[in-house]
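**Q** Okay, handing you the structure first.
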Amino acid sequence: MTPRKIIIDTDPGQDDAVAILMALASPEAFDILGIVAVAGNVGLKQNAINALKVVELSGRTEIPVYAGCDKPMKRTLVTAEHVHGDTGLNGPDLPEPQLKLQEQHGVDFIIETLRQSIEDNITLCTLGPLTNIATAFEKAPDIVENIEEIIMMGGGYFQGGNITPVAEFNIYVDPHAADIVMRSGVPVTMASLDVTHKVLSTKARIDAFFNVGTKSATAVGEMLAFSERFDLEKYKWQGAPLHDPCVIAYLLQPELFTGRQCNVQVETQSELTMGMTVADYWNITDNPKNVNFLDNVDDIGYFELIKNCLLRLP
């Protein structure tokens, strides 16, 4: 099977790091054309450093890393140090990266790469705010036709929000960007809070990562042991949601997930509900079904897949 060509757009983030490591551990499945950082969990500069750290941790140092947009399209940047720590990747003591960022702006890399695609077979894997993607769409509308699909972590409907009562963080940070993407006509699969809240990193599951014994798996255990403390206090569950790896897990084993096609729109007007993803889950309207909305997951298979990926890394 020919590896799927992907671009990863991310704001690492402990859960982003796990997703990136899964992709880097799967060269038979993915031809990773580049990793592009965006402002989100913390500022752009630190997110770009974090992406370099994760690539170095994996040993896949041939993968290029780019820095994209440092602020949302229209709003003031909101970050999440209260969840991810001051570096965005607190937990493991990862060394400062020796790898360097590519000089090209991440948005220009996305545009150039999609324009050079003649088979329309590039998938965008988005793990953070959609600023880079929407900016590329605005700057070069022609590239939309060259995208096979977008697999994104973002949004929520039945579970509400995790940064406001109705908004999920990635969408809330840049709702205008999310709105552009949802209306672009590109096929979108959305791993929202409605599915990510069903994959909980319990103590037993984190211990299983430590028990793998590799440097990468140990780092993942340390990341999740740090980042889950906030959600454990908030939700009072047995573990914290492990959001972003759903994107890569869906591409590797789509049979782990179920969902349905429905219309999803993003609120960009009301401050009360800013960033809400309004999913017409019951097909009440005749609005076009623009999103494959994931709503359930085999959580046991999900964590087994993550562990198996980590077993392939140093």
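The values are calculated or read from the model by the stated rules, or taken from the named source; none is laboratory data. All of these numbers come straight from a predicted model, not from anything done at the bench. All Cβ positions, even for glycine, are placed from backbone atoms using ideal geometry, and neighbour counts span all protein chains on display.
**Q** Pairs please, first residue from the range 51-70 and over 23 Å from I133 (Cβ atoms), second anywhere and among the hydroxyl-bearing types (S, T, Y) and at pLDDT 95 or above, Cβ atoms under 8 Å, 6+ apart in sequence or on different chains.
**A** Within 8 Å, the pairs are L57/S216; S58/S216.
**Q** I'd like to verify a number: residues in the range 13-34 that are of a type in the set (D, E) and buried (at least 24 other Cβ atoms within 10 Å of the Cβ), how many? Before the answer, list the steps.
**A** Step one: filter the range 13-34 for residues of a type in the set (D, E), giving 15-16, 28, 31.
Narrowing the set further to residues that are buried (at least 24 other Cβ atoms within 10 Å of the Cβ) leaves 15-16.
Residues in the range 13-34 being of a type in the set (D, E) and buried (at least 24 other Cβ atoms within 10 Å of the Cβ): 2 in total.
**Q** Separate question: If you take the residues of the range 236-248 that are modelled with pLDDT under 95 and of a type outside the set (A, V, I, L, M), which of them is surrounded by the most Cβ atoms within 10 Å (Cβ to Cβ)?
**A** Kept after step one, since they are modelled with pLDDT under 95, are these residues of the range 236-248: 236-240.
Narrowing the set further to residues that are of a type outside the set (A, V, I, L, M) leaves 236-239.
Values: K236: 7, W237: 13, Q238: 12, G239: 20.
Out of the qualifying residues, it is G239.
**Q** Could you check the range 1-40 and list, in sequence order, the residues that are over 15 Å from I122 (Cα atoms), hydroxyl-bearing (S, T, Y) and out of contact with any Gly (no Cβ under 7 Å at 6 or more places or on another chain)? Spell out how you get there, then give the answer.
**A** From the range 1-40, those over 15 Å from I122 (Cα atoms) are 1, 10-22, 24-28, 37-40; that's our starting set.
Checking which are hydroxyl-bearing (S, T, Y) leaves us with 10, 26.
Matches in the range 1-40: S26 only.
**Q** State the number of residues belonging to the range 1-39 that are among the small types (G, A, S), within 11 Å of the chain's Cα centre (by Cα) and assigned to a loop (DSSP other than H, G, I, E, B).
**A** 1
**Q** Mind checking which pairs have a first residue in the range 296-314 that is touching a residue at least 40 places away in the same chain (Cβ under 8 Å) and a second that is surrounded by fewer than 15 Cβ atoms within 10 Å (Cβ to Cβ) and of a type in the set (G, A, S), Cβ under 8 Å, 6 or more apart or different chains?
**A** L313/G59; P314/G59
Each row is one residue, and each column tells you yes or no for (1) outside any strand (DSSP E or B); (2) crowded, with 21+ Cβ neighbours inside 10 Å; (3) in contact with a Lys or Arg (Cβ under 6 Å, 6 or more places away or on another chain).
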position: E271; (1), (2), (3): yes, no, no
position: G275; (1), (2), (3): yes, yes, no
position: D286; (1), (2), (3): yes, no, no
position: N296; (1), (2), (3): no, no, no
position: G301; (1), (2), (3): yes, no, no
position: E304; (1), (2), (3): yes, no, no
position: N308; (1), (2), (3): yes, no, no
position: R312; (1), (2), (3): yes, no, no
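**Q** Provide a single number: the residues in the range 199-219 that are in contact with a Pro (Cβ under 8 Å, 6 or more places away or on another chain) and assigned to a helix (DSSP H, G or I).
**A** Of the residues in the range 199-219, 4 are in contact with a Pro (Cβ under 8 Å, 6 or more places away or on another chain) and assigned to a helix (DSSP H, G or I).
For (1) within 14 Å of V18 (Cβ to Cβ); (2) buried (at least 18 other Cβ atoms within 10 Å of the Cβ); (3) modelled with pLDDT under 95, each residue gets a yes or a no:
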residue	(1), (2), (3)
F158	no, no, no
N162	no, yes, no
E168	no, yes, no
P175	no, yes, no
D179	no, yes, no
R183	no, no, no
M190	no, yes, no
R229	no, no, yes
K234	no, no, yes
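**Q** How many residues, within the range 163-180, are of a type in the set (A, V, I, L, M, F, W, C) and over 23 Å from N296 (Cα atoms)? Explain how you work it out, then say what you get.
**A** Taking the range 163-180 and keeping what is of a type in the set (A, V, I, L, M, F, W, C), we get 163, 166-167, 169, 171, 173, 177-178, 180.
Among the residues that remain, those that are also over 23 Å from N296 (Cα atoms) are: 173, 177, 180.
Residues that pass the stated criteria total 3.
**Q** Please indicate, with yes or no, whether at least one residue in the range 75-91 is out of contact with any Gly (no Cβ under 7 Å at 6 or more places or on another chain), among the hydroxyl-bearing types (S, T, Y) and not in a loop (DSSP other than H, G, I, E, B).
**A** No; the residues of the range 75-91 include none that is out of contact with any Gly (no Cβ under 7 Å at 6 or more places or on another chain), among the hydroxyl-bearing types (S, T, Y) and not in a loop (DSSP other than H, G, I, E, B).
**Q** Being of a type in the set (D, E), in a loop (DSSP other than H, G, I, E, B) and farther than 21 Å from M153 by Cα is the filter here, so list the residues in the range 40-74 that pass it. Before the answer, list the steps.
**A** Step one: filter the range 40-74 for residues of a type in the set (D, E), giving 56, 62, 70.
Those still in the list that are in a loop (DSSP other than H, G, I, E, B) too: 62, 70.
Answer for the range 40-74, where residues must be of a type in the set (D, E), in a loop (DSSP other than H, G, I, E, B) and farther than 21 Å from M153 by Cα: just E62.
**Q** In the range 249-269, which residues are of a type in the set (V, I, T) and crowded, with 20+ Cβ neighbours inside 10 Å? Don't jump to the end; show me each part of the working.
**A** Pass one, the range 249-269, residues of a type in the set (V, I, T): 258, 264, 266, 268.
Across the range 249-269, the qualifying residues are V264, V266.
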